[in-house]
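What follows is a single structure, written as structure tokens, with notes after it.
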Amino acid sequence: MTVGAVDKDKVKSGYSNCVFYGSNDEEVTVVACGDIKMEDGKIHSGTSFATPQVTGLIALLRSIDPKLTPAEIKKILTGTSKEVSGGGFIYESNLIQADDAVLQAIEKVTGKKYDKKKLLALSDVELKSDGSSPEFTVTATVEAVGEKGTSLQIECIGGDYAFGGNSVKQLTSPGSVNWSLTIPDKDKKLTVKVTRLDTKVCRTILVGGEMKAEDLVGEWTGGVSYDNWSTPIAMARKQIEAKLPGTKGAPMPTSFTFKLISKNSLSIDIKGFPMPTVPFEFSDGTLTCSGYTYRMTTYNYTAKVTQKGDVYSFSGTWSTKATNGTLDINGKWNGTMKKK
């Protein structure tokens, strides 16, 4: 067999052969990705990076069925590969599909047909944590189990902790199990590992540690609404009404940009909302902007930040008041951001 290379977008790599025919007996049999990120953090490229991937796949096939002949291996690789073409060159070739090739080898050995989606699900477990220091809930979810169900085992590494209940829990059908976890040191993050005892697949996440201002940097989506407003100046009423965020009690969809000012301080820009970039202090899970005055207007904002799984959320209240008494307004604001 001859192996060519494509990039991560499945486009033929410039250093590989210009014309691929991709049949069993012609110039290039199969192709694999030739762009690999190495330990130095840089992308290295070459057909010499693509070829070992094919060799490794062949080793997997032989580990499943040591009796496979070279001709049978070649037939499996080409028969399960995916045709790719384009990229400014006239070529067609077969991109290896490791999962389909392995599945075909398993079916050949066992003489049975398998549902690939279910097999992949048997080799997976989803893991997330909720809560805040010192009490957390760790949840493990599986989408498929075998005839005898599965057992899930939790382990913690990196510091003191306490579990509520047994470290091993059973599932007889797809679903979730929970563990309550106490981490007494609010600054300590532990590595939590959950293993499926049927397939030995495991997942790890970091749990614990106090939420910091730097964790909140990024783009949030949410809304701003007002609850009440007043002004003693009749001439200003129409102008104020035109600038109000949405309708009373109904959030105006918007986005927020959180930027780090210092260790415990953030600036927050609210898109489409007439508010200057004001500094917020972040402490004990609460965002606070208290008594900030800009152009004869005083701003007060507060919001509680929580984390559920890989999503941060905040919810709170705000108010602005003109220093000359011409406007007084208050409302609510909220947002979410997926944890980086």
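The values are calculated or read from the model by the stated rules, or taken from the named source; none is laboratory data. Bear in mind the structure is a predicted one, so any value in this text is a computation, not a measurement. No Cβ is skipped: glycine too gets one built from the backbone with ideal geometry, and neighbour counts run over all protein chains shown.
What to note about this one:
- Residue in region 109-131 that is surrounded by fewer than 16 Cβ atoms within 10 Å (Cβ to Cβ), within 30 Å of Pro184 (Cα to Cα) and at pLDDT below 90 present: no
- Region 3-28 residues that are more than 27 Å from Glu72 (Cα to Cα), paired with ones that are small (Gly, Ala, Ser) and at pLDDT 70 or above (beta carbon under 6 Å, 6 or more apart): Asp7/Ser13; Ser13/Ala5; Ser13/Gly34
- Residues of region 314-340 that are of a type in the set (A, V, I, L, M), under 21 Å from Thr247 (Cβ atoms) and either not assigned by TED's automatic domain parsing to the domain that holds Ile268 or not in a loop (DSSP other than H, G, I, E, B) (or both): Ile329 alone.
- Within region 132-168, the set of residues being assigned to a strand (DSSP E or B), of a type outside the set (A, V, I, L, M, F, W, C), over 17 Å from Lys188 (Cβ atoms) and in contact (Cβ under 8 Å) with a residue 24 or more places away in the chain comprises Thr137, Thr139, Thr141, Gly146, Gly149, Thr150, Ser151, Gln153.
- Lone qualifier among Val305, Val311, Val278 - being assigned by TED's automatic domain parsing to the domain that holds Tyr226, at pLDDT 90 or above and closer than 29 Å to Ser132 by Cα: Val305
- Boolean, Leu327 is closer than 30 Å to Pro134 by Cα and either surrounded by 13 or more Cβ atoms within 10 Å (Cβ to Cβ) or of a type in the set (Phe, Trp, Tyr) (or both): no
- Residue match in region 216-229 (condition: surrounded by fewer than 12 Cβ atoms within 10 Å (Cβ to Cβ), closer than 30 Å to Ala322 by Cα and more than 20 Å from the chain's Cα centre (by Cα)): yes
- When we screen Gly46, Gly41 for residues that are on the phi > 0 side of the Ramachandran plot, modelled with pLDDT of 80 or more and not polar (S, T, N, Q), the only hit is Gly46.
- Hey, Ala144 within 26 Å of Ala121 (Cα to Cα), surrounded by 15 or more Cβ atoms within 10 Å (Cβ to Cβ), of a type outside the set (Val, Ile, Thr) and in contact with a helix residue (DSSP H, G or I) (Cβ under 7 Å, 6 or more places away or on another chain) or not: yes
- Failed item, numbered, when Leu181 is tested on (1) in contact with a Cys (Cβ under 8 Å, 6 or more places away or on another chain); (2) closer than 13 Å to Arg196 by Cβ: (2)
- Region 248-293: number of residues that are over 25 Å from the mean Cα position of the chain (by Cα), surrounded by 14 or more Cβ atoms within 10 Å (Cβ to Cβ) and assigned to a loop (DSSP other than H, G, I, E, B): 3
- Tally, over region 115-129, of residues that are under 21 Å from Val177 (Cα atoms) and part of a helix (DSSP H, G or I): 5
- Condition check for Glu107: farther than 17 Å from Lys200 by Cα, of a type in the set (Asp, Glu) and not assigned by TED's automatic domain parsing to the domain that holds Asp198: yes
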